[in-house]
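Only one structure is covered here, and it is reproduced in the block below.
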Amino acid sequence: MPRVDFYVLSASIPDGKLRFACRLAQKIYQLGGSAYIQTADEDQARQLDEMLWTFDQSSFVPHRRETGGQPGQTEAPIRIGQQAPPDPTPVQVLISLLDQIPECADRFERVAELVDNDLDDKKLARLRYSDYRKRGYQLQSHDVDV
């Protein structure tokens, strides 16, 4: 059963969750790991794809978008998609940008839940936290400066 880390952003800024997803993906890549970032919709996937090219001018985060749940032609340590990744997917961390628990959460070593600093997002995160706890997941919470 994976460990679930809730990352609560210190402020609500435009694209704050996406920016933090980029930072987290960069750190995972630098540590030699792999991640799948599950987005809520196509616009979010496209925006995240673009941000990963530009958010840090001093580094490169190799990534690829997956569409339709199909694996891409080339491997990349960071992958982005709207649906659960194809099974089996050798990825260590799931970064979730969803409002509900991803159906594929138990296939990963770790799940990162990103929480914006606004009341609606925190309310949804509390529900996910409670659901994860009922399912027996190991939970951690982190306050993150943005």
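The values are calculated or read from the model by the stated rules, or taken from the named source; none is laboratory data. Values in this document were obtained by computation on a predicted structure and should not be read as measured data. With ideal geometry, Cβ positions are generated from the backbone for all residues, glycine too; neighbour counts draw on all protein chains shown.
Structure notes:
- Between A35, A84, A45, the distinction of being in contact (Cβ under 8 Å) with a residue 24 or more places away in the chain, buried (at least 16 other Cβ atoms within 10 Å of the Cβ), within 24 Å of S10 (Cβ to Cβ) and small (G, A, S) belongs to A35 only.
- Inter-residue pairs, beta-carbon under 7 Å, first closer than 25 Å to D15 by Cβ and in the stretch 130-146, second surrounded by fewer than 12 Cβ atoms within 10 Å (Cβ to Cβ), 6+ apart: D143/S10; V144/S10; D145/S10; V146/S10; V146/A11
- Some residue of the stretch 42-56 being within 21 Å of Y137 (Cβ to Cβ), polar (S, T, N, Q), outside any loop (DSSP other than H, G, I, E, B) and at pLDDT 95 or above: no
- Residue in the stretch 1-16 that is surrounded by the most Cβ atoms within 10 Å (Cβ to Cβ), counting only those that are at pLDDT below 95 and closer than 21 Å to A105 by Cβ: P2
- For the stretch 2-41, a residue qualifies if it is in a loop (DSSP other than H, G, I, E, B) and under 18 Å from D116 (Cβ atoms), and the qualifying residues are S10, A11, S12, I13, P14, D15, T39, A40, D41.
- Residue that is surrounded by the most Cβ atoms within 10 Å (Cβ to Cβ), among those in the stretch 106-126 that are farther than 13 Å from F6 by Cβ and hydrophobic (A, V, I, L, M, F, W, C): F108
- Identity of the residue in the stretch 57-81, small (G, A, S) and over 21 Å from G32 (Cα atoms), that ends up modelled with the lowest pLDDT: G69
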